[in-house]
Every structure is written in C-alpha cells, then in structure tokens.
Amino acid sequence: MQIAAVFFDGEFARDRAVTLDDDGSNLVFAGPDVPQTHWSIAGLHPIDPPSPGQPFRLTHDLKPGARLVIRDDAFVHSLVSRNKHLKGGYSWKHLRQVAAWTAGGIAAAIILGYATMAILPQKVAFMLPENWRNRVGGQIVKSLVANAKQCHTVDGDAAKLAMITVLAEGNSDIPPISFEFYDMPLVNAFAAPGGKIIFTRGILEKADRPEEIAGVLAHEIGHVAHRHPEAQLVRMTGLQVLISVVSGSGGGDFTSNVAALAALLRYSREAEREADAYARNTMDMANVDPMGLKTFFEKIMKPGAENKPNDKNASALDRIGNVFSTHPGTEDRIKEIQPLPAGRTPVAVLTPEQWKALKSICG
Amino acid sequence: MTDMPPPHSPPERLNFSYVPRQGLLKLTIVNFLLSVITVGIYRFWAKTNVRKHIWSCVHINGEPIEYTGTGKELFMGALVVFLFLVLPIVLAGAGIGLVYGPQSPLIITYQILFLLLIYVLWGYAVYKARKYQLTRTHWRGIRGNLVGSAMTYSLLYFGSLMAKSMSLGWATPVMNTVLQEQITNDMRFGDAAFKFKGRAGPLYPTYALCWFLTLMALIAVIAAIASAAAGSTAVRDFFGETANPNDIGIYAGYIAIAFAIFLLVSLLVIPMLWSIYVAKELRTFANYSRFDGAPFSLDASAASVIWLVVVNILILIFTLGIGWPYINQRTVKFVVDRLSLDGLIDVDRIAQSQASVDKRGEGLADAFDVGGL
C-alpha cells in the first residue's frame, strides 16, 4: 500500500513530498528530491502517540533529526497495531530511570542524614578548637540567661571552688570548666560549649545539702567531658542543612532563635546516661556521697516540681527541660545510683559555713 | 525520473492554530500520582510530558511544533544546580554559623549576600530556561535558539529590578521593553532571526491607569479594615463594660469581613487590574516584533487576559495545584489563537543553525521557581 507522506531532513525547513510504503520490516520512501530510503521499523520512534486528526510523526535511529510525517489514519493504524513500540506514551525505560533516581536520592538522604545526626557530631565536637568553643559557648549562655545577673560573693565563689576541688580529687582528667550561678527563679542547670556550666538560683534554693549540688555538677561535668553541647551544636547545624536542602530554602536562619537554642541543649537519653555514668564514677573516685544526686533527682521528679513555661520571667532555659528531663527512663537512671560501698566514709563536700555561703551567693 | 530542480514552494503566510488532542487528563492524573510516589522527583518528567503534549497541539500551517526535551535533561540541570550552587551556599551558611557562632552578625551579612546573588542570577535563570525551551522546540525539523549572552541579560535584568523598585514601579514599561528587546533580538528559528524595535511610551497611559487603580484598591482595603476596627470599637462602646458574648461574635465578624476583603483584593482584584496592562504590553510587544521581516500581531483584549488569569487562578485553587497542565494549555492556546504573522515567509529557505545548544535544562529556573511553562 503506497501512500503520500512528508519528509523533513532536519537541515532545512523545506517539506519534501514522498511516497511511502511498508514492506513489513522497513518503511521505504522516496520523492522528487529524496533518494529512496529504508527505515527499519525496529529503529523507528514515535514523536507523539498517534491521535486522530493529528499527523503521526516518526524519526529513526539512523537520522534522529529527520522527521517522517504521515497523515493517512488507516496506514498509521495498521502500522501501530502491528508494532507496539510506536504507540508512544509512558515508557518503562523512563519509569525505571525515575525509579532509580528516586531510590538513589532517598538512599543518599538516609545515609547523609544518619551521618550528620549520629556519627559526625561526636567526632567533630572533639576537633573544635578551644577559642571557638569558648566564643560560641559564651554566645549561647548569653542568649539563654538573657538579662539575669551572674551571682558572686567572695565566700560563695570560694565555696564553688572548694566543691570543684573535692570532685576533682582522685580524678585527674576532669575537663576545665567554669561554674557560674545566675539569678533566675527556675530550677535548672546546663552545660554549654567550652565547659561553661550554668546553675540557676532556683536549683540552689531547691537543694537541701551540698551533695545534691555536687551530684548535679558532676553530671554537668560529664556532659562537658563528653563534649555533648558541642556535638549537639554540630548536629543542629547538620539538621539545618538537611532541612534547607530538602525544603529547598537556601540560607536559613541558623539557630538564631530561642526555640532552636532550647532544642540545642536537650540531649538524647544516651547522652544523659553517659553524663550520669560520668557523675557516678567521679563521685565514687572523689568519695562523695552519690545519694545527694539521687534525692535531688527524686525531688525534681515530684509532681508540681516542673518549671512553668508561662512564668513571666521564663526564658529559653525553661524550654530545655530540666537536668533530669521527664522523658521515659528517668526512673531507671535513678535506680542506677547506688550508695558508696559499705565501709567507705564519704567526704564532706562543703563545710556548713561554705554551704551557707553558697546558698546565699545570689543574695 | 528527471533531473528537474526540486519544487520550491513560494513564500507563504504562517497561520497559528491550537488543535487539542486527547490525553491531557490522563497525563495530569498519572503525573500527579508518580510525583507523589517519587517524592517529587518525577516532576521533571511530568513537566516534559505536558510540554510534549501541548507543543504537539500547536500547528503552524498544519504542521505541529515538537518538544524534544527530556525529563532527564531537566533533572540533570536541577541536580547540577543543587550540587554546585544550592549545597555550597547552604553549607557555607551553616559553616559560618558554626565557626562564628549562631548569634554572629556575619550570618545576617551572609543572608543579604545570598539574597543579592539570587537577584543577580534571576535573569540568568530566565534566559537559560528560555534558551533551553527554544532549542527543544522544533518545527519542520528546525529548532529555535537564543544566541546571545545570558550574563548580559542577567545584568540587565538585575538593573531593571533595581530601577523598578526605586521608581515605585514607574520604570516597569521602559525596563520591560528593554528586556524584551534584548531577548527577542537574540531569538532565532534555524538561521532566521526575530527582531524587536519600539518605544515604551505607548505603554504609559495604561500603566498609569493600573497603577492608580491599584493604589485606590489598596486605600479601599485599608479603609474597609479601619472601618471594621472602628465598627467593633463602636459596638464595644455601645454595650459598655457589660460584656455580652454577642459582642465578641460581632467583633469576630468584622475581622472576618476585613480579612475576606483583603484576600479578595490581593488574590483576585489586583491580578485582574494588572491584566489590563499585561494585555496592552502583549499587544504592543507583538507589534514591535518581527520574524524574518514580517510583523507579528496579537489580538489580546484586556477582558480576554482577565478571563484567562481569573480562570487560571480558580483552576489552581480548586485543583489544589494539580491542574497546572490545564493552566499551561490555556495559556499557550490563548497566545496561539490570537497570534498572527502579517507577511510572507520563505520557509523552505530556512536552515538549521549550528549555534550552541545546552546539554542540560533549566536548573536555575527550577531552583528559583521562575514562572513560565
């Protein structure tokens, strides 16, 4: 069956009339200025799916720029019904391609996400230089305590130093720390990058004996020793990157808001356990009664002991959750604290005078 | 067969028509489902499928145009932009935050620089996207192209953004004319060129009309909101201190009305107002443009553009965005139905051009979500 068709050579816009025949495995066409051409049917590609009222356009592997345009619906129907690959539309090749890219993208996101969240932060935290830790730690402390006053008295400062000295007894590799009280009513303590440990007036008021403060301090020193604040900062940065990348927003406001800072110092359960273990170990070596930490834990867990986030003076600190955050597992953590072995007499962390001085450090 | 020279058809008038074909609904649904399954990665293929469909409905003298781009090209374009632009920017931002601390003023400086970079690159993205689409548009086997510099256009575009914002919009007709001239004069179909020549002056009366109407609409909104607030105060004064639950209802009612007016004006009234200017600009720019010496004309009345825009907005809202292929179709059909080229073109003479063709597509335009098809 010979029909009329039009050929474009892909080099000129001129339309060239041809007569076209289908010999079963080839399309054969020729015209006044088109030499006889054989296009194998296997090598043909449809430009669009065949559609009534629209010309059917074909190209061929041999000449991808050329087009053969057929307007004879009967011819097109017969050609396409015998050769399914000319139907066009969705191709498995494309769908497989998309599926592969999707799978690859998701896998890359998971691997990168795992690396940024779980593996990298702790490693990077130990590579950060000292002056960076101090500068960034200072910034974080400043935005967390807002305008609260730092508490100092001569005797109170001496008592703080005495407490650190007792804890460092028998524990030579205690990291360098700074230990400050701030005049804030809420009950909390936290460690910021650079070994900056912050206690509130509220926590001081809640404590009935120096061992309780010493226990919490040992726990915070644990965070410092494990570089948890730094690791958390790296983790938040990584998370920020992941979020900007996934959401498609560039830049992003990096941890510049209070909510982000609060999340920054909310540690994982593993981190809290590490800090607890460090605290128990330190108190054991320094011969400090660990039951102070235990009673303080229990006090804070009592219903109604929570900080009230709607407090007028509340700051970002409220949102951190307190030292013994209420997430599940806290009771197990308390159970792990055991008294010193029988026969060992705990040292006095502070003399009664020193304790009095510390209690009144914020006036 | 004789060795007679091949028949050469005489120069002809070019007629544009939109001949719909079946399958857009199926495309729309399948595209949406696959995009969901592939967490959005399919959209490059979806865009491509829709373009192929719409392009094939545009007939010039009975011969449909053809879209030869592929989803993979678009995807690769986006991937390259992501890896070599977006990712370094995000990482550098995070690095600055990490090194100098989260409260460092450097972060704000960086964000300003980042915004500036986007504005500088915006025109580049527009130009490259147009170039990609033209090089993937074939008619009678011949492709289009943009043969100028994307950098030049991008600087011009940045300058125009500055001029527009500093003149409260009044530089818009001049700057749009300059930009249109720049890009049209770079446009080719094979070895045949497009030309643009004309002044912005005739656009100004319509621009002024739209500018003042917008101002009045904004004043009306502010007045409505103010009177709603005043009304609620009056209600409170009337009932005095004796708190009545009805007061609150009336107060909330006023706020709801004020908010509804604001939405209506910003989403519908202002786009409708500016459609008057858009129509004028479309007609004017068509008249200023020539292909191979023949002038274009576009019969786009203000009412027709308003109808196009309003229905497009409604489709977008009521299909929750899934109906975007229909918006593209309507827009293309709008132009094709109203466009004519008033002159004879010697089509047979037009040859393929060897001007450079980009391997990948539209990465930046995709990242910025530049408008267009």
- [ ] With respect to A:A159, determine if the residue is out of contact with any Lys or Arg (no Cβ under 7 Å at 6 or more places or on another chain), more than 11 Å from chain B (Cβ to nearest Cβ) and part of a helix (DSSP H, G or I).
- [x] yes
Open item on the list: Out of everything in the stretch A:136-156 that is assigned to a helix (DSSP H, G or I) and free of Cβ contacts under 8 Å to residues at least 12 places away in the same chain, what residue ends up being farthest from the other protein chains (Cβ to nearest Cβ)?
Closed with: A:V154
Open item on the list: Among the residues of the stretch A:105-126, are any farther than 30 Å from B:S35 by Cα, assigned to a loop (DSSP other than H, G, I, E, B) and more than 8 Å from chain B (Cβ to nearest Cβ)?
Closed with: yes
TODO: Using the structure shown, decide if A:V98 is crowded, with 17+ Cβ neighbours inside 10 Å, at the interface with chain B (Cβ under 9 Å from one of its Cβ atoms) and either over 30 Å from B:V36 (Cα atoms) or free of Cβ contacts under 8 Å to residues at least 12 places away in the same chain (or both).
DONE: yes
Task: Restricting the stretch B:100-129 to residues that are surrounded by 14 or more Cβ atoms within 10 Å (Cβ to Cβ), of a type in the set (A, V, I, L, M, F, W, C) and more than 11 Å from chain A (Cβ to nearest Cβ), the residue that is farthest from A:G138 (Cα to Cα) - done: B:A129
Open item on the list: Being in contact with a helix residue (DSSP H, G or I) (Cβ under 6 Å, 6 or more places away or on another chain) and surrounded by fewer than 14 Cβ atoms within 10 Å (Cβ to Cβ) narrows it down to one residue among A:G170, A:G156, A:G104; which is it?
Closed with: A:G170
Task: Test set (1) farther than 20 Å from B:F32 by Cβ; (2) buried (at least 22 other Cβ atoms within 10 Å of the Cβ) - B:L79 fails condition number - done: (2)
Open item on the list: Consider the stretch B:84-125. How many of its residues are within 25 Å of B:R51 (Cβ to Cβ) and not hydroxyl-bearing (S, T, Y)?
Closed with: 6
TODO: Please indicate, with yes or no, whether at least one residue in the stretch A:180-187 is outside any strand (DSSP E or B), within 14 Å of chain B (Cβ to nearest Cβ), within 29 Å of the chain's Cα centre (by Cα) and touching a residue at least 60 places away in the same chain (Cβ under 8 Å).
DONE: no
Task: Only one of A:K294, A:K302 that is surrounded by fewer than 24 Cβ atoms within 10 Å (Cβ to Cβ), at pLDDT below 75 and under 24 Å from A:M184 (Cα atoms) - done: A:K302
- [ ] Go through the stretch A:308-363 residue by residue and tally those that are within 20 Å of A:H152 (Cβ to Cβ), modelled with pLDDT of 65 or more and not in a loop (DSSP other than H, G, I, E, B).
- [x] 7
Open item on the list: Given the options A:R14, A:R57, name the one that is of a type in the set (D, E, K, R), assigned to a strand (DSSP E or B) and within 14 Å of another protein chain (Cβ to nearest Cβ).
Closed with: A:R57
Open item on the list: Looking for something assigned to a helix (DSSP H, G or I), in contact with an Asp or Glu (Cβ under 8 Å, 6 or more places away or on another chain) and closer than 21 Å to B:W55 by Cβ - is there at least one such residue anywhere in the stretch B:268-283?
Closed with: no
Task: Listing of strands (runs of 3 or more DSSP E) fully contained in the stretch B:29-146 that carry 3 or more residues being closer than 28 Å to B:L179 by Cβ and in contact with a Ser or Thr (Cβ under 7 Å, 6 or more places away or on another chain) - done: B:142-146
Open item on the list: Given the options B:T152, B:T135, name the one that is at pLDDT below 95, within 14 Å of chain A (Cβ to nearest Cβ) and closer than 27 Å to B:G190 by Cβ.
Closed with: B:T135
Task: Test: B:G144 is touching a helix residue (DSSP H, G or I) at 6+ places or on another chain (Cβ under 7 Å) and within 14 Å of chain A (Cβ to nearest Cβ) - done: yes
- [ ] Tell me which residues, restricted to the stretch A:27-44, are assigned to a strand (DSSP E or B) and in contact (Cβ under 8 Å) with a residue 40 or more places away in the chain.
- [x] A:L27, A:L44
- [ ] Output yes when any residue across the stretch A:66-86 is at the interface with chain B (Cβ under 9 Å from one of its Cβ atoms) and among the hydrophobic types (A, V, I, L, M, F, W, C), and no when none is.
- [x] yes
Open item on the list: Just to check your reading of the model, which residue among B:D358, B:D348, B:D342 is touching a Phe, Trp or Tyr at 6+ places or on another chain (Cβ under 8 Å), touching a residue at least 24 places away in the same chain (Cβ under 8 Å) and loosely packed, with under 15 Cβ neighbours inside 10 Å?
Closed with: B:D342
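Residue-by-condition table, conditions (1) more than 30 Å from B:A46 (Cβ to Cβ); (2) among the hydroxyl-bearing types (S, T, Y); (3) modelled with pLDDT of 90 or more:
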{"site": "B:F262", "(1), (2), (3)": "yes, no, no"}
{"site": "B:V265", "(1), (2), (3)": "yes, no, no"}
{"site": "B:M272", "(1), (2), (3)": "no, no, no"}
{"site": "B:K280", "(1), (2), (3)": "yes, no, yes"}
{"site": "B:I306", "(1), (2), (3)": "no, no, yes"}
{"site": "B:I322", "(1), (2), (3)": "no, no, yes"}
{"site": "B:R338", "(1), (2), (3)": "no, no, yes"}
{"site": "B:V370", "(1), (2), (3)": "no, no, no"}
Open item on the list: Criterion first (facing chain A (nearest Cβ under 9 Å) and either under 30 Å from A:W132 (Cβ atoms) or of a type in the set (G, A, S) (or both)) does B:G97 satisfy it?
Closed with: yes
TODO: Report the residue count in the stretch A:17-46 for those that are aliphatic (A, V, I, L, M) and within 14 Å of another protein chain (Cβ to nearest Cβ).
DONE: 4
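The values are calculated or read from the model by the stated rules, or taken from the named source; none is laboratory data. Keep in mind that this is a model prediction, so the values were computed, not measured. Cβ atoms come from the backbone with ideal geometry, glycine included; neighbour counts cover every protein chain shown.
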